[in-house]
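Structure first, commentary second.
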Amino acid sequence: TDLGGEATLTIGSVEINGRGAGGVIADLTLAAGTVRVQARAPNVKMTLDAAVGIEDPNRFDGKGTVADSDIDTLLGIAGLAAADAGAVRGRVSSSIAFKGDLRHLPATTVTLDVSPIDATVFVVPIAIGRGLRASVADGRVQVDNTGIAVGGLAMSLGGTLATDRSTGKLLLDVEGDLGSLTPWLNRLGVSGDVAGAG
């Protein structure tokens with residue numbers, strides 16, 4: 001009636017869709033009807049600290065972080081790596097917090113915070129000066145108004161959507177120089193150079 005114990009789980013190599021993400025180490029603790037998991041994936045600088053109740057309704061909460069991880073490495077794990085070495089440069093730090101129970105997963109609350117980003121994709125700079133914040137609660141996704149600079153374009157993104165996509169409003173305002181995206185347009189061109197203006 002009062003189980004307790006500790007364990008360590010070590011996975012030498014993890015693959016996601018055939019792409020290596022390095023190893024994972026997880027420390028597990030069982031006490032007072034709760035399993036606590038503290039995991040880390042050093043290669044991608046990710047950590048997870050979560051707790052799950054072993055009794056119905058199996059309440060859980062936790063937080064995951066990515067600390068100063070290379071964007072190109074993360075894109076590679078997701079299958080979106082650029083063919084050219086060094087084409088994507090920059091680092092990202094973020095955190096995600098979640099809370100809910102396994103009996104009512106749709107009611108889970110999630111908050112995502114992405115720290116300011118200063119990156120370059122095919123020589124086009126991308127910057128999110130104040131970071132990005134999004135949350136899920138009560139069946140709705142809220143994206144706080146966020147300023148994003150892409151080349152010579154200034155963008156503003158924000159809004160609210162229902163998780164079942166039945167209602168919502170997402171706004172994207174764009175203003176600036178399309179010509180600054182010419183390096184991207186060139187990669188889409190079948191042959192010759194392509195230039196953007198406007």
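Structure notes:
- Test: residue in the stretch 176-184 that is surrounded by 12 or more Cβ atoms within 10 Å (Cβ to Cβ), touching a residue at least 12 places away in the same chain (Cβ under 8 Å), in contact with a Pro (Cβ under 7 Å, 6 or more places away or on another chain) and in a strand (DSSP E or B): no
- Lone unmet requirement of (1) surrounded by 15 or more Cβ atoms within 10 Å (Cβ to Cβ); (2) in a strand (DSSP E or B) for Asp173: (1)
- Just one of the numbered conditions (1) of a type outside the set (Phe, Trp, Tyr); (2) closer than 30 Å to Val35 by Cβ; (3) over 21 Å from the mean Cα position of the chain (by Cα) is not true of Leu153: (2).
- Hits in the stretch 51-79 (condition: touching a Lys or Arg at 6+ places or on another chain (Cβ under 6 Å) and in contact (Cβ under 8 Å) with a residue 60 or more places away in the chain): Ile77
- Residue selection: Asp27 fails the criterion of being among the charged types (D, E, K, R) and either touching a residue at least 24 places away in the same chain (Cβ under 8 Å) or out of contact with any Ser or Thr (no Cβ under 6 Å at 6 or more places or on another chain) (or both).
- Qualifying residue in the stretch 117-137 (condition: within 20 Å of Arg19 (Cα to Cα), of a type in the set (Val, Ile, Thr) and under 16 Å from the mean Cα position of the chain (by Cα)): no
- Scanning the stretch 32-44 for residues that are part of a strand (DSSP E or B) and among the β-branched types (Val, Ile, Thr) gives Thr34, Val35, Val37.
- Check on Thr167, open to solvent by 60 Å² or more (accessible area, probe 1.4 Å) and out of contact with any strand residue (DSSP E or B) (no Cβ under 6 Å at 6 or more places or on another chain): yes
- Here Thr29, Thr47, Thr65, Thr1 are screened, and the one residue that is of a type in the set (Ser, Thr, Tyr), assigned to a strand (DSSP E or B) and more than 22 Å from the chain's Cα centre (by Cα) is Thr29.
- Meets criteria (closer than 25 Å to Ala41 by Cα, exposed (fewer than 15 other Cβ atoms within 10 Å of the Cβ) and modelled with pLDDT of 95 or more) for Thr65: no
- Taken as a whole, the stretch 138-145 holds at least one residue that is within 22 Å of the chain's Cα centre (by Cα) and among the basic types (Lys, Arg).
- In summary, Ala7 fulfils each of the numbered conditions (1) more than 23 Å from Ile96 (Cα to Cα); (2) assigned to a strand (DSSP E or B); (3) at pLDDT below 95 with the single exception of condition (3).
The values are calculated or read from the model by the stated rules, or taken from the named source; none is laboratory data. Since we're looking at a predicted model, the values are computed, not measured. Backbone-built Cβ (ideal geometry, glycine too); neighbour counts: all protein chains shown. When the accessible area is computed, the model is the full protein with side chains, heavy atoms only, and any ligands, DNA or RNA have been set aside. Shrake-Rupley method; radii C 1.70, N 1.55, O 1.52, S 1.80 Å.
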